[in-house]
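Undergrad: Okay, here's the structure, questions in a sec.
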Amino acid sequence: MFKNLILYRIQPGWQPDAARLEQALAAEPFAECSATQQKSAGWLPPRGHAHGALLETVDGQWLMRFAIETKSVPSDAIRRKVEEEAARIEAAQGRKPGKKELRDMKDDALLALLPQAFARRAACWVWIDPQARLLAIDAGSQGRADEITTSLMRAAGGGPGALALALLQTRTAPQAAMAAWLASEDGAALHPEFSIERECELKGSGEEPAVVRFARHPLETPEVRQHIQEGKLPTRLALGWAGRMSFVLTQALQLKKLRYADGLFDKDGQSNNRDERFDADAALATGELSRLIPDLIEALGGEMNEMGEPGSAAPAATPAAAAVQAGEDAGPPF
């Protein structure tokens with residue numbers, strides 16, 4: 001159900017009301033791109049039923065789905081159409097189109113070609129744990145997550161008890177923590193529920209920083225530790241959790257490539273009823289992530305307090321990693 005996660009903390013004072021939010025999302029439903037529309041975005045029924053509810057509650061967890069559809073026309077096709085029109089005008093009127101006219105012709109060419117363009121659609125899961133005041137978005141980029149949170153907060157409205165979000169921040173910067181884990185020979189710096197897997201990206205400093213990538217390669221080696229000592233810092237690190245899940249942690253505290261252990265989702269034992277399968281998958285996915293995320297926060301020294309002040313808990317780090325930790329800025333509020 002979730003492949004990536006960008007995590008937000010819902011700010012104090014929020015008054016959770018699933019029915020009210022579900023009704024509010026109806027103000028921005030998803031609709032397919034029209035013939036001449038380049039982009040369309042909005043909320044889809046999570047269960048996939050036509051005209052279904054836009055927010056589903058399973059075991060107290062709220063699930064939503066946001067879709068974005070785009071149409072793109074190759075720039076070369078637009079250029080050829082403009083050149084054809086410019087040649088026609090020159091042959092008929094004996095003049096070359098000016099810059100403004102060429103811009104208008106480009107816009108006209110785009111509108112003419114859009115009905116022939118194929119639409120591409122991507123849908124992202126949005127999960128709210130109202131009791132933990134946690135919001136998670138299954139987005140591969142911060143830009144996509146920003147678009148979703150903007151729509152969500154616009155629909156939710158303002159005023160007392162309104163939904164207010166801030167990117168989740170930990171006392172130890174993920175990059176500093178990852179560097180400390182990789183620098184540790186015996187793994188003592190790593191939280192006991194986590195294990196280092198076989199994927200990592202290390203990046204140096206300077207105008208043209210060196211980048212070293214490891215894939216399907218042991219990372220608890222002298223070679224990796226040497227890179228850390230030389231000042232290269234991890235931007236991505238694959239981790240396993242409790243033998244149940246694996247993921248790639250980034251320096252921006254994003255979780256990518258989420259994978260559940262084989263057999264965790266028992267497809268053979270599930271009901272053939274579509275709604276029952278949805279409920280089972282949703283309960284299992286959110287249940288596992290509800291345990292993983294607190295462990296990850298603990299592994300990163302705990303959560304930044306609401307005043308944005310870092311705590312003292314942090315794993316031992318190399319000098320380069322400590323410098324990153326000291327200079328890490330909190331993410332912008334939303």
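Undergrad: Take the residues of the stretch 119-152 that are among the basic types (Lys, Arg) and surrounded by 15 or more Cβ atoms within 10 Å (Cβ to Cβ): which is nearest to ARG291 (Cα to Cα)? Quick ask: steps written out before the conclusion?
TA: In the first step, residues of the stretch 119-152 are kept if they are among the basic types (Lys, Arg); the result is 120-121, 133, 144.
Filter again for surrounded by 15 or more Cβ atoms within 10 Å (Cβ to Cβ), leaving 133, 144.
Working: ARG133: 14, ARG144: 25 Å.
Residue satisfying both the conditions and the ranking: ARG133.
Undergrad: Looking only at residues that are part of a strand (DSSP E or B) and within 28 Å of TYR260 (Cβ to Cβ) in the stretch 28-49, which one is least open to solvent (accessible area, probe 1.4 Å)? Reasoning before the result, please.
TA: Step one: list which residues in the stretch 28-49 are part of a strand (DSSP E or B), which gives 29, 39-44.
When the remaining residues are screened for being within 28 Å of TYR260 (Cβ to Cβ), the result is 43-44.
Working: TRP43: 3, LEU44: 38 Å².
Only one residue tops the list, namely TRP43.
Undergrad: Taking into account only those residues within the stretch 32-58 that are among the β-branched types (Val, Ile, Thr) and in contact (Cβ under 8 Å) with a residue 60 or more places away in the chain, which is nearest to ASP17 (Cα to Cα)? Break it down stepwise before answering.
TA: Initially, the stretch 32-58 is screened for residues among the β-branched types (Val, Ile, Thr), giving 36, 57-58.
Cutting the leftovers down to in contact (Cβ under 8 Å) with a residue 60 or more places away in the chain gives us 36, 58.
Numbers: THR36: 38, VAL58: 14 Å.
Only one residue fits best here, namely VAL58.
Undergrad: Pairs under 8 Å by beta carbon, first residue open to solvent by 60 Å² or more (accessible area, probe 1.4 Å) in the stretch 59-88, partner among the β-branched types (Val, Ile, Thr), six or more apart or different chains?
TA: From the stretch 59-88, the pairs are ASP59/THR286; ARG65/VAL126.
Undergrad: For the stretch 229-248, what are the residues that are in a loop (DSSP other than H, G, I, E, B) and crowded, with 22+ Cβ neighbours inside 10 Å? I'd like the intermediate steps shown before the answer.
TA: The first filter runs over the stretch 229-248 and keeps only residues in a loop (DSSP other than H, G, I, E, B), leaving 230-232, 242-244.
Result: LYS232, single match.
Undergrad: Do we have any residue at all in the stretch 7-27 that's open to solvent by 40 Å² or more (accessible area, probe 1.4 Å), within 28 Å of GLN254 (Cβ to Cβ), among the charged types (D, E, K, R) and part of a helix (DSSP H, G or I)?
TA: Residues of the stretch 7-27 that are open to solvent by 40 Å² or more (accessible area, probe 1.4 Å), as a first pass: 9, 11-13, 15-17, 19-20, 22-23, 26-27.
Now drop any that are not within 28 Å of GLN254 (Cβ to Cβ), which leaves 9, 11-13, 16, 22.
If we keep only those that are among the charged types (D, E, K, R) too, we end up with 9, 22.
Next cut, part of a helix (DSSP H, G or I) only: 22.
Checking the stretch 7-27: at least one residue is open to solvent by 40 Å² or more (accessible area, probe 1.4 Å), within 28 Å of GLN254 (Cβ to Cβ), among the charged types (D, E, K, R) and part of a helix (DSSP H, G or I).
Undergrad: Has the stretch 219-228 got any residue that is assigned to a strand (DSSP E or B), in contact with a helix residue (DSSP H, G or I) (Cβ under 9 Å, 6 or more places away or on another chain) and not β-branched (Val, Ile, Thr)? Steps first, answer last, please.
TA: Applying the first criterion (assigned to a strand (DSSP E or B)) to the stretch 219-228 yields none.
Scanning the stretch 219-228 turns up no residue that is assigned to a strand (DSSP E or B), in contact with a helix residue (DSSP H, G or I) (Cβ under 9 Å, 6 or more places away or on another chain) and not β-branched (Val, Ile, Thr).
Undergrad: Let me ask something else. With the requirement that a residue be over 16 Å from LYS3 (Cα atoms) and aromatic (Phe, Trp, Tyr), what does the stretch 212-263 give you?
TA: Answer for the stretch 212-263, where residues must be over 16 Å from LYS3 (Cα atoms) and aromatic (Phe, Trp, Tyr): just PHE214.
Undergrad: Determine which single condition LEU54 fails, assuming it passes every other condition in (1) out of contact with any Ser or Thr (no Cβ under 9 Å at 6 or more places or on another chain); (2) in a loop (DSSP other than H, G, I, E, B); (3) open to solvent by 30 Å² or more (accessible area, probe 1.4 Å); (4) not polar (S, T, N, Q).
TA: Failed condition: (3).
Undergrad: At least 2 residues that are charged (D, E, K, R) in each: list the helices (runs of 4 or more DSSP H) lying fully within the stretch 92-197 that qualify. Spell out the reasoning first.
TA: Values: elements: 99-113, 142-156, 174-183.
Here the list reads 99-113, 142-156.
Undergrad: Go through (1) at negative phi; (2) open to solvent by 70 Å² or more (accessible area, probe 1.4 Å) and name the single condition CYS200 misses.
TA: That leaves (2) as the condition not met.
Undergrad: Here is a follow-up. Please tell me if GLN251 is within 20 Å of SER141 (Cα to Cα), open to solvent by 40 Å² or more (accessible area, probe 1.4 Å) and not charged (D, E, K, R). Spell out the reasoning first.
TA: On the way: within 20 Å of SER141 (Cα to Cα): yes; open to solvent by 40 Å² or more (accessible area, probe 1.4 Å): yes; not charged (D, E, K, R): yes.
Yes; evaluated as a whole, the condition is true for this residue.
The values are calculated or read from the model by the stated rules, or taken from the named source; none is laboratory data. Here the structure is a predicted model, which means the values were calculated and not measured. Neighbour counts are summed over all protein chains in view; Cβ atoms, including those assigned to glycine, are modelled from backbone coordinates with ideal geometry. Remember, those area values only see protein heavy atoms, side chains included, never the ligands or the DNA or RNA. Shrake-Rupley method; radii C 1.70, N 1.55, O 1.52, S 1.80 Å.
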